[in-house]
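Here the structure comes first, spelled out in C-alpha cells, and everything after it is commentary.
The values are calculated or read from the model by the stated rules, or taken from the named source; none is laboratory data. From a predicted model like this one, the values you see are computed outputs, not experimental measurements. Please note: Cβ atoms are built from the backbone with ideal geometry, for glycine as well, and neighbour counts cover all protein chains shown. Side chains included, ligands, DNA and RNA excluded: accessible areas come from the protein's heavy atoms. Shrake-Rupley method; radii C 1.70, N 1.55, O 1.52, S 1.80 Å.
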Amino acid sequence: MSRPILVIDFGAQYAQLIARRVRELGFYSEIVRHSAADQAILERRPQALILTGGPDSVVAPGAKALPEGVLKSGLPTLGICYGMHLLAHALGGTLSSGEVREYGRTDLSTERSVLFTGLPRYLTVWMSHGDTVSAPPPGFRAVGKTRSVPVAAMEDEQRRLFAVQFHPEVAHTDRGTDMLKNFLCSGAGLTPDWTTEDAISLAVDRIRRQVKEGRALVALSGGVDSAVAAALVHRAIGDHLLALFVDHGLLRQGEAELVEAGFTQDYPLPFRRINAQAAFLAGLKGVKDPEEKRKRIGRMFIDTFRAEAERLNGYTFLVQGTLYPDVIESGGGQAAVIKSHHNVGGLPEEIGFELVEPLRDLFKDEVRAIGRELGLPPRLVERQPFPGPGLAVRVVGAVSAKRLAIARAADAIVTEELEKAGSAAKLWQYFAVLTGTRSVGVMGDGRTYHEVVAIRTVTSADGMTADWGRLPLDLLEKMANRIVSEVREVGRVVYDITSKPPGTIEWE
Ligand code: XMP
C-alpha cells in the first residue's frame, strides 16, 4: 500500500476536493482532522502533507493550531490559505489580519519557482480569505502576488515548505492541478503510483474487514452508484452479497430490463427483481404534491425492501452507493431541505442493518472509473444520474400508468435524438417532463387540447449547480416534432432554459 499524502483538515470546505485532486494526480491521499494529525503522521507514515484552509483567523483566540508533528516531521508540506497562515505564523512571518479581504477570481503574478514551474507568468486564481501574509518567514521567498496581497505564494525549497493564499484545488483557479503536481513531483520529489486498481483493492480490503463472514444486501436502482457499489462489494465478499432490485414502475423505457440483464448476464451476481409496480401506482393515486409524492415513494420503497429482507435470513449488512456529494448535500442537518431526496441509497439506518458505504469519499467520475475497471458494462457505468423517485418527479401532478407512459415515450425520443446527435455525452442530464399543463393546438383541421411536454437538459459538474444545455435549434426542433407526432397525447413542446439556482434540475 502506498504511503499517503496526508491532507490535514482545519475545517475547510474543500478538503475532499484537495484529496480528490491528489488522487487524480496519481497519489493516494487521506484526510485527517487537525486534532488527529500528530498521531496520523506517526502511524500512517505520509509522504507529504497538505494543510487545508479553514474558517478561523490564526491569531484569533482559540484558533486551531499547527499540529506539532508537521514541522517536526520534516516532511514536504503545502499550506493552503489558513494552512499558509499557520506556517507563516509558526516560522516567524508577519500576518495582517482582516485588512485586505479578497473573494473570488483574482489575478496572480508569479515568479520563477517550484510551484509555478511550466505555468504562465499571470494566472487567475480563486481567493477566499480575510487574513494574509505581509512578510514571509526567514528562509522563504515570496513567489506570487496579487494587486492587494504581496505574498500570495511563498516557498522554502530547501526545507520543502510551500504555501499559497488561494485555492489551487478549485476549478476556478487556472492550472491549479499543475501547481499541486509541481508541489508533489518537484517540491516533494515524489512519483505517482496510485491507480484505480489500487483504489479497488483498498475498498475491497476495507469491505472485507467490515463484513468479515457476514452477508450483505444491496438495493439496485438502475443508477451508476448502486451498480458500482454492488460490483465492488461482490468483488470483496462474493456470493455473500444479494442484490435486490425493486421495480417500482417509475423507470424509463427499457431500464428495468437493462438492470436485470446487467446483473444476470453482463456482470452476474446473486440478483432478485421484485415487481412492485402495482403497489406503487396504488400508493401514488391522486397524490399531486411533490413532497408528498417523494415521501410516499420513499416509504413504499422501504416497506417493500423490508418485507423482502425479512423473508431472508442472515443478512445484517446493507450496501449503499452514497457518494461524497450526497454526504455534503445532506448538510449534516443544517442545510434547508429543498427536496427530501430519496434514493435507494437513502434507506434509513433504523431499518436495522449495518451500513457499508464503499463510495463515501469519492466523486462520480471516480466511481465511474472504478466501475469501468471492475468490468461493468458501459451502458450501466456511463448512465446519466436518475432520481430515486424516478419518473414520478417528472410527471407534474398526479401519477397514473397512462401519464407515466406519455412521459416515458417522450423521454425515449429525447434520449434517442441526443445520443444520435452526439450531444448526450456533453450533458449531465437530459429528459422530458410532463408539465401537467394542457394547451390548445390545431392538427389537421381540428382543434386539440393536449398535454405540454418540457425538454430539460443541463450541464453540471456535480448536480449541485447546473446550467441549461445550449443545444442546436435544429436538434430541438427535431425532438419537438417527433414528440408531437409520435406521442399522441402531447400537443406542444417547450424547452426549459432555467439554470440551478434559481431552478432545480428536476421539476419536482
Ligand atoms: P435537483 O432537482 O435537486 O437535483 O436539482 C439534483 C440532482 O439530484 C437528482 N435528484 C435525486 N436523486 N434521489 C436521488 O437519488 C432524489 O430524490 C433526487 N431528486 C433529485 C437529480 O436528478 C439531479 O441529478
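State yes or no: is Arg306 at pLDDT below 90, outside any loop (DSSP other than H, G, I, E, B) and away from the ligand (no atom under 14 Å from the Cβ)? For Arg306, the condition - at pLDDT below 90, outside any loop (DSSP other than H, G, I, E, B) and away from the ligand (no atom under 14 Å from the Cβ) - is met. Taken as a whole, the condition of being assigned to a helix (DSSP H, G or I) and farther than 24 Å from Phe363 by Cβ applies to Ile237. For the range 54-88, filtered to residues that are without any contact (Cβ under 8 Å) to a residue 40 or more places away in the chain and either buried (at least 24 other Cβ atoms within 10 Å of the Cβ) or within 31 Å of the chain's Cα centre (by Cα) (or both), the residue that is farthest from Pro138 (Cα to Cα) is Ala63.
Against the criterion of being farther than 27 Å from Glu24 by Cα and either of a type in the set (D, E, K, R) or modelled with pLDDT of 95 or more (or both), Gly436 qualifies. The residue list Thr448, Thr415, Thr504, Thr459 contains one member that is more than 16 Å from the ligand (Cβ to nearest atom) and among the hydroxyl-bearing types (Ser, Thr, Tyr), which is Thr448.
Of the residues making up the range 188-207, at least one is without any contact (Cβ under 8 Å) to a residue 24 or more places away in the chain and among the hydroxyl-bearing types (Ser, Thr, Tyr). Given the criteria part of a strand (DSSP E or B) and in contact with a Leu (Cβ under 9 Å, 6 or more places away or on another chain), does Val32 qualify? Against the criterion (part of a strand (DSSP E or B) and in contact with a Leu (Cβ under 9 Å, 6 or more places away or on another chain)), Val32 qualifies.
Scanning the range 442-489 for residues that are open to solvent by less than 90 Å² (accessible area, probe 1.4 Å), part of a strand (DSSP E or B) and among the β-branched types (Val, Ile, Thr) yields Thr448, Val452, Val453, Ile455, Thr457, Val458, Thr459.
Every residue, every condition in (1) under 24 Å from Ala216 (Cβ atoms); (2) out of contact with any strand residue (DSSP E or B) (no Cβ under 6 Å at 6 or more places or on another chain), yes or no:
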position	(1), (2)
Leu242	yes, no
Leu250	no, yes
Ala261	yes, yes
Ala278	no, yes
Ala282	no, yes
Lys288	no, yes
Arg296	no, yes
Asp303	yes, yes
Glu310	yes, yes
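Being touching a strand residue (DSSP E or B) at 6+ places or on another chain (Cβ under 9 Å) and either farther than 22 Å from Pro55 by Cβ or among the basic types (Lys, Arg) (or both) is a condition met by at least one residue of the range 74-81. All of (1) crowded, with 18+ Cβ neighbours inside 10 Å; (2) under 26 Å from Gln13 (Cβ atoms) hold for Thr124 with one exception: (1).
Picking from residues in the range 382-412 that are open to solvent by 40 Å² or more (accessible area, probe 1.4 Å), closer than 19 Å to Leu258 by Cβ and not in a loop (DSSP other than H, G, I, E, B), the one that is farthest from the ligand (Cβ to nearest atom) is Ala405. Screening Leu190 against (1) in a helix (DSSP H, G or I); (2) open to solvent by 10 Å² or more (accessible area, probe 1.4 Å) leaves a single unmet condition, (1). The residue that is modelled with the lowest pLDDT, among those in the range 469-501 that are out of contact with any strand residue (DSSP E or B) (no Cβ under 6 Å at 6 or more places or on another chain) and within 16 Å of the ligand (Cβ to nearest atom), is Pro501.
Residue-by-condition table, conditions (1) in the same structural domain as Ile370 (by TED's automatic domain parsing); (2) in contact with a helix residue (DSSP H, G or I) (Cβ under 8 Å, 6 or more places away or on another chain); (3) open to solvent by less than 30 Å² (accessible area, probe 1.4 Å):
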residue	(1), (2), (3)
Leu232	yes, yes, yes
Glu292	yes, no, no
Arg296	yes, yes, no
Phe305	yes, yes, yes
Gln320	yes, yes, yes
Pro325	yes, yes, yes
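All of (1) touching a Pro at 6+ places or on another chain (Cβ under 8 Å); (2) open to solvent by 20 Å² or more (accessible area, probe 1.4 Å); (3) under 24 Å from Ala461 (Cβ atoms) hold for His172 with one exception: (1). Filtered by the rule that a residue be of a type outside the set (Asp, Glu), in a helix (DSSP H, G or I) and more than 25 Å from the chain's Cα centre (by Cα), the range 240-258 gives a lone residue, His240. Set side by side, the residues Ala261, Ala219 differ, and just one is outside any loop (DSSP other than H, G, I, E, B) and more than 16 Å from the ligand (Cβ to nearest atom), which is Ala261.
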